[in-house]
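Down below is the structure, laid out as structure tokens.
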Amino acid sequence: MEDGVDLHLHSTCSDGSSTPTEVAERAAERGLSVISLTDHDSVSGVAEAQAAGEAYGVRVVPGSELSIKLKDHDIHILGYFLDIENDQLNTSLALYRDERRNRAERIVRKLNRLGIRITFEQVLAKADGAAIGRPHVADVLVEEGFCFSPNEAFNKYLGYGKTAYEEKYVMGPPEAVEVIHSAGGIAVIAHPVLYRSDDILPALVEQGMDGIEVWHIKHKPDDVRRYSAFADEHGLLKSGGSDCHGDGRGDAVMGKVDVPLSVFEALEAGRAQTSGSQ
Ligand code: AMP
Ligand code: ZN
Ligand code: FE
Ligand code: FE
């Protein structure tokens, strides 16, 4: 869409399949004016995406997607407008990337015990320096002929409660908010519909969240209305994006979620009012 925005995108710096440069290039092809690169536990693609964005005339907002646990719910938090040089942010993200690596090793051990002979080295090679996620393991399972598709790999082995499932070491909610704020950013609850119950949302807001993702590939028109009303009621900023992971990684397509530029303008203006901008 012309003059649209997409504030939730992944690259090869986490579990996306496009490089940060390709992400910016595609955004330009789709006529987007602002995007945010929000890799899991990483800001390492931001500078490259920004450089490419400058060449293509697309503004790239520095972001990241962090994982937290609250009342047994696995929740994702988007950080926007991050100072990617911030020490506290980088130390924290490095810790969580290390833990992702340890968890991938545990997943491979579980798979091996199930008789599935893939190696941790194959997973490491697939991630190629990125923050390692289950999609990298899924790709190896498909390539080695143990599954037909990543989706099958999740349904059989990697998904919550499945035979090779391993928990991820995650931040506490206050820590995620503090890390994002200390890096000058704002904390936004990602894809609330995926938590299956809105009951968790007020507790999340109490933890200091600044905003909520109202538009997302999994949000139907009713969800958009409900989360927009929730944001208004709780004085939260609104964000939106596709959560596109690139070709071969899920159904989300960049720019397919219709988010107008005015949403980004309100987000940016609202940011000036939050603690994040101090
Ligand atoms: P992780 O960060 O390692 O827990 O992996 C979570 C990521 O896996 C999500 O961000 C999605 O990109 C991907 N994912 C989750 N469920 C599925 C699925 N059923 N099929 C393919 N990819 C999935
Ligand atoms: Zn992902
Ligand atoms: Fe997410
Ligand atoms: Fe995401």
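Rounded to the nearest 20 debye, the dipole size of region 168-278 about its Cα centre is 240 debye, using +1 on the Cβ of Lys and Arg and -1 on the Cβ of Asp and Glu. The calculated P(r) of region 1-110, using every Cα pair and 10 Å bins from 0, goes 15, 42, 29, 12, 2 in percent. Working from Cα pairs under 8 Å separated by at least six residues, relative contact order for the chain is 22 percent.
For the chain, the dipole from Cβ point charges (+1 on Lys and Arg, -1 on Asp and Glu) about the Cα centre works out to 1060 debye, to the nearest 20.
Within a straight-line Cα-Cα reach of under 29 Å, residue 238 can be paired with the following lysines, leaving aside sequence neighbours fewer than 8 residues apart in one chain: 69, 71, 168, 218, 220, 256. Rounded to the nearest 10 degrees, the inclination of helix 134-143 to the longest alpha-carbon principal axis of the chain is 40 degrees. All C-alpha pair distances within region 185-278, sorted into 5 Å bins from zero, spread as 2, 14, 24, 25, 18, 12, 4, 1, 0 percent across the bins. Ordered from longest to shortest, the equivalent ellipsoid semi-axes for region 61-156 are 28, 15, 13 Å, each the square root of 5 times a Cα gyration tensor eigenvalue. Computed over the alpha-carbon pairs of the chain, the distance histogram in 5 Å steps reads 1, 6, 13, 17, 19, 17, 14, 8, 3, 1, 0 percent, short to long. The label-point distance for residue 121 and residue 268, in a model that sets each label 7 Å from Cα toward Cβ, rounds to 4.8 nm. Of the residues 75, 63, 51, the one whose Cα sits farthest toward the positive end of the charge dipole of region 50-91, with +1 on the Cβ of Lys and Arg and -1 on the Cβ of Asp and Glu, is 75. Helix 261-271 and the longest principal axis of the C-alpha atoms of the chain enclose an angle of approximately 80°. Helical runs assigned H by DSSP (4 residues or longer) give the chain a calculated mean residue ellipticity at 222 nm of -12500 deg cm²/dmol, each run adding -39500 (n - 2.57) before division by the residue total. Going by Cα centres, region 190-223 and region 136-165 are how many Å apart? Taking the Cα centre of each part, region 190-223 and region 136-165 sit 27 Å apart. Counting only protein heavy atoms and a 1.4 Å probe, region 136-278 has 46 square angstrom of accessible area per residue. Once the chain from residue 165 to residue 233 is taken as fully extended at 0.36 nm per residue, the excess over their C-alpha distance is 20.8 nm. Placing +1 on each Lys and Arg Cβ and -1 on each Asp and Glu Cβ, with no other charges, gives region 1-118 a dipole about its Cα centre of roughly 980 debye. With a 1.4 Å probe and every protein chain kept in, tell me what percent of the accessible surface of the chain is carbon plus sulfur. The value for the chain is 47 percent carbon and sulfur by accessible area.
Helix 221-234 and the long axis of the chain differ in direction by around 60°, with both axes built from C-alpha atoms.
The values are calculated or read from the model by the stated rules, or taken from the named source; none is laboratory data. Quick caveat: nothing in here was measured; it's all calculated off a predicted structure. Positions of Cβ are backbone-derived with ideal geometry, glycine not excepted, and every protein chain shown enters the neighbour counts. Please note that ligands, DNA and RNA were not included when accessible areas were found on the heavy atoms of the full protein model with its side chains. Shrake-Rupley method; radii C 1.70, N 1.55, O 1.52, S 1.80 Å.
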